[in-house]
Amino acid sequence: MSPAPVAVTGIGLVTAAGIGTAATWSGVCAGESTAAHDPQLAGLPVDISCTVPDFSAAKLVGRRSKLAHDRFVQLALVAAREAVADAGLDPRSWDGTRVAVVLGCGLGGVSTWEAQHHKMIETGATSVSALLIPMLVPNMVAGHVAMDLKATGPNFVTATACASGATAIGSALALLRDDQCDIVVTGGSEAGVSPLIVTGFAQMGALSRRLDDPGAASRPFDVDRDGFVIGEGSGILVLERENDARARGARVRARLAGYGATADAYHMTQPDPEGISVRRALRGALEQAGVGPDEVDHVNAHGTSTPLNDAAESKVLHDLVGARAAVTSTKGVLGHTLGSAGAIEAALTVLAIETSTVPPTANLRAQDPKVELDVVTGQARRQRTEVAVSNSFGFGGQNAVLVFTT
């Protein structure tokens with residue numbers, strides 16, 4: 001017997017394109033990069049990023065938030081509140097024991113860690129905050145969201161590097177299908193734009209060096225791509241069994257139909273150039289969804305703008321999906337948000353289905369001839385999408401693929 005369909009009933013987004021789903025979707029569809037020189041990175045080998053504009057934790061989360069929350073938690077709280085409200089749910093009246101929170105995060109509170117380390121070096125150990133540990137450990141993003149929403153069901157964080165958000169959503173799907181809960185608040189959050197983290201990525205050659213033109217730096221699938229631009233943000237989905245959602249009169253924005261996860265077991269940071277395990281993840285997700293590769297209308301690619309990742313992913317997509325699917329990478333606009341990327345892109349995939357619109361890939365001026373795909377560029381494309389795939393891959397060779405349907 002096939003598993004009960006799972007519905008996406010709510011979305012919340014906080015990204016470099018804006019605070020809220022409407023602002024993010026508008027920015028992504030406009031196809032204009034948010035990358036800019038970042039004052040906090042001044043003097044570093046790479047000083048560009050994609051950060052959330054005009055984010056005030058005091059206004060959006062609460063006046064005391066800066067004392068208890070790192071930025072990655074603040075972003076998640078804002079996105080989660082939007083997603084729950086969008087789903088038409090009220091935490092004051094739901095049965096919290098049947099509400100799970102499953103979020104992805106690759107790094108945790110790196111800004112807090114750096115700031116407190118500097119404080120210890122400069123003014124001594126007694127100046128370090130007593131809240132250092134609860135502000136930096138990754139699991140606290142799920143803990144704080146649960147406290148905020150009074151959700152006392154299963155609660156955990158997945159950490160699979162840049163696949164973390166997608167892994168969380170796949171884990172949430174399993175909880176619903178196993179009847180461990182009735183509602184899952186799931187997705188990811190990351191605020192990794194800090195001097196140390198950016199320097200680390202720069203030292204390993206992962207970041208674009210197109211510093212004279214930040215807006216053109218992230219260019220997925222372009223022949224001149226030279227690395228990604230680091231970003232931050234949070235993407236949250238509310239998932240429910242479809243029958244439960246319809247029984248309460250909720251809007252079903254799309255269905256989460258399949259999830260596949262594999263490991264390359266190949267290299268610490270480089271993808272398997274043949275994409276053998278990525279193929280298995282994609283096939284597994286499609287089989288779980290009950291659809292074939294030839295039915296895929298749209299792919300929100302991992303598309304990091306790095307030479308090796310884009311090449312490996314495009315090879316797999318060409319071999320399995322072919323040129324039928326409209327492919328995009330929204331990292332050209334939002335940058336690479338690391339552990340939250342898979343969640344943000346899952347939400348954008350749902351919006352592509354719901355609005356019959358595929359956003360363009362920013363800065364794609366000369367498509368790499370080895371990328372034999374129908375990559376949407378220039379402007380958003382109007383098309384009906386019934387089956388869509390969202391790919392996410394992480395350091396350590398961890399792969400996660402989500403399939404959404406109408």
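The values are calculated or read from the model by the stated rules, or taken from the named source; none is laboratory data. Treat the numbers as computed from the prediction; the structure is a model and nothing was measured. Using ideal geometry, Cβ is built from the backbone for each residue, glycine included, and neighbour counts are taken over all protein chains shown.
Matching residues to (1) touching a residue at least 40 places away in the same chain (Cβ under 8 Å); (2) in a helix (DSSP H, G or I); (3) under 17 Å from Glu345 (Cα atoms):
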{"position": "Gly258", "(1), (2), (3)": "yes, no, yes"}
{"position": "His267", "(1), (2), (3)": "yes, no, no"}
{"position": "Gln270", "(1), (2), (3)": "no, no, no"}
{"position": "Ser277", "(1), (2), (3)": "yes, yes, no"}
{"position": "Gly284", "(1), (2), (3)": "yes, yes, no"}
{"position": "Gln288", "(1), (2), (3)": "yes, yes, no"}
{"position": "Thr304", "(1), (2), (3)": "yes, no, yes"}
{"position": "Asn309", "(1), (2), (3)": "yes, yes, yes"}
{"position": "Glu313", "(1), (2), (3)": "yes, yes, yes"}
Task: Selected residue (only one of Ala79, Ala87, Ala68, Ala17 is of a type in the set (A, V, I, L, M) and surrounded by fewer than 22 Cβ atoms within 10 Å (Cβ to Cβ)) - done: Ala68
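Listed here are the residues, each with its yes/no results for (1) among the polar types (S, T, N, Q); (2) closer than 17 Å to Tyr259 by Cα; (3) modelled with pLDDT under 95; (4) surrounded by fewer than 23 Cβ atoms within 10 Å (Cβ to Cβ).
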residue	(1), (2), (3), (4)
Gly303	no, no, no, no
Ser314	yes, no, no, no
Thr330	yes, no, no, no
Glu372	no, no, no, yes
Task: Residues satisfying the stated conditions in the range 1-60, i.e. outside the structural domain of Leu239 (by TED's automatic domain parsing) and without any contact (Cβ under 8 Å) to a residue 60 or more places away in the chain - done: Met1
Task: Failed condition for Pro214, given (1) outside the structural domain of Ala142 (by TED's automatic domain parsing); (2) more than 21 Å from the chain's Cα centre (by Cα) - done: (1)
Open item on the list: Residue under question is Phe393, and the condition is that it be among the aromatic types (Phe, Trp, Tyr), closer than 23 Å to Gly10 by Cβ and outside any loop (DSSP other than H, G, I, E, B); does it hold?
Closed with: no
TODO: Being in a loop (DSSP other than H, G, I, E, B) and under 27 Å from Phe55 (Cα atoms) is the filter; apply it to the range 221-242 and report the residue that is farthest from the chain's Cα centre (by Cα).
DONE: Gly227
TODO: Kindly list, by first and then second residue, each pair from a residue in the range 61-73 that is closer than 20 Å to Phe156 by Cβ and in the same structural domain as Gly12 (by TED's automatic domain parsing) to a residue that is charged (D, E, K, R) and modelled with pLDDT of 95 or more, limited to pairs with Cβ atoms under 9 Å and residues at least 6 apart or on different chains.
DONE: Phe72/Glu190; Phe72/Glu232
Open item on the list: On the basis of being touching a Phe, Trp or Tyr at 6+ places or on another chain (Cβ under 9 Å), among the aliphatic types (A, V, I, L, M), buried (at least 18 other Cβ atoms within 10 Å of the Cβ) and modelled with pLDDT of 95 or more, does Ala35 make the cut?
Closed with: no
TODO: With the condition kept exactly as written, say whether any residue in the range 218-225 is within 14 Å of Pro45 (Cβ to Cβ), touching a residue at least 40 places away in the same chain (Cβ under 8 Å) and either of a type outside the set (Gly, Ala, Ser) or buried (at least 24 other Cβ atoms within 10 Å of the Cβ) (or both).
DONE: no
- [ ] Output the qualifying pairs, or none if there are none: Cβ atoms under 6 angstrom, residues six or more apart or on different chains, first residue in the range 107-128 and within 24 Å of Val157 (Cα to Cα), second residue surrounded by 15 or more Cβ atoms within 10 Å (Cβ to Cβ) and modelled with pLDDT under 95.
- [x] none
